[in-house]
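Read the structure below first, then the notes.
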Amino acid sequence: MRVRPAVIQHWLVPLAVVACWEVFGRLAELPPYLSYPSQILAALWSLAADGELPGAVAVSLYRVLAGFALGTAAGMGVGIAAGLVTGVRHFFDPLVSFLFAVPKIAFLPVFLILLGIGDPSKIGIVAFSCFFPVFVASRQAVLSVNKRLLWAAANMGAPRPTLFFRVLIPAAAPQLFAGFRISLAHAFIVLFAAELIGSHSGLGVLIADGEDAARFDLMFAAILAFAILGFVSDRILMAIRKRMLKGTALGTEETIAA
């Protein structure tokens, strides 16, 4: 199988950086808090072997997926309604504009008071964070749909459910998935911060424990696990997007680049 030059270019610099990092680490030229790659991988294997890592991954994955699903469903539903109904748009636009720029983790104390220190508060703050980017993307996606598509389908006798599910949603889907992707990244960012407060399990706790014990290899190993989990989740979402939007982007720059 022939390796494309673009693939080599994409991986050349990262691999060179990792190689230099490893060499300088083995030569003791790095500060003690900067563990080098082989140490991090050894710590990652140790966490996996004793069962601590799989348990933490399972807990964090449950929290992030539950919060992402709830926040995305709410954001998409309200966002689509705001795009279709002027009254809903006028009600939610100022509210979302007011709260969007506020760091969502600032609301964690509210969720802890309302839902306790267990999983519900973590899921709640993740869902709250995911709501906003999906709302904005959904609202804009509906408003951006070419009205001629809807008029043409209506003139051919399509009923309202068909207009919604067969015309409006497919036309808005590319922007909807853009919002989903941003929302997924927000979910992991907020979850990490939420797990540092009042939590006894999850990858965030492993990171904090490694820092407290000055075991920086364990800390970086947990960070690496978090990064891998986020990357795999993003790739799965993009695969779903590609399958669902197959044939809808013909002739676009995205299709040409692929």
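The values are calculated or read from the model by the stated rules, or taken from the named source; none is laboratory data. What you see is a predicted model; the values in this text were computed from it and never measured. Every residue, glycine as well, gets a Cβ built from its backbone with ideal geometry; the counts of neighbours run over all protein chains shown.
Regarding A69, is this residue among the small types (G, A, S) and assigned to a helix (DSSP H, G or I)?
Judged against the criteria, A69 is a match.
Return the total of residues in segment 133-158 being within 29 Å of the chain's Cα centre (by Cα) and in a loop (DSSP other than H, G, I, E, B).
Residues flagged as within 29 Å of the chain's Cα centre (by Cα) and in a loop (DSSP other than H, G, I, E, B) within segment 133-158 amount to 2.
Across segment 99-127, what is the number of residues that are surrounded by fewer than 18 Cβ atoms within 10 Å (Cβ to Cβ), more than 20 Å from A185 (Cα to Cα) and either among the aliphatic types (A, V, I, L, M) or at pLDDT 90 or above (or both)?
So the count comes out to 5.
Just one of (1) at pLDDT below 90; (2) touching a helix residue (DSSP H, G or I) at 6+ places or on another chain (Cβ under 8 Å); (3) assigned to a helix (DSSP H, G or I); (4) closer than 23 Å to F231 by Cβ trips up V17, so point out which.
Single failed check for V17: (2).
I'd like the residue in segment 192-212 that is over 24 Å from L34 (Cα atoms) and in contact (Cβ under 8 Å) with a residue 60 or more places away in the chain and, out of all such residues, is surrounded by the most Cβ atoms within 10 Å (Cβ to Cβ).
Across segment 192-212, the extreme among qualifying residues is A194.
Tally up the residues in segment 185-212 that are among the β-branched types (V, I, T) and either more than 16 Å from S121 (Cβ to Cβ) or not in a helix (DSSP H, G or I) (or both), please. Break it down into steps so the answer makes sense when it comes.
So the first thing to find is which residues in segment 185-212 are among the β-branched types (V, I, T), and the list is 189-190, 197, 205, 207.
Restricting the remaining residues to those that are either more than 16 Å from S121 (Cβ to Cβ) or not in a helix (DSSP H, G or I) (or both) gives 189, 197, 207.
Of the residues in that region, 3 qualify.
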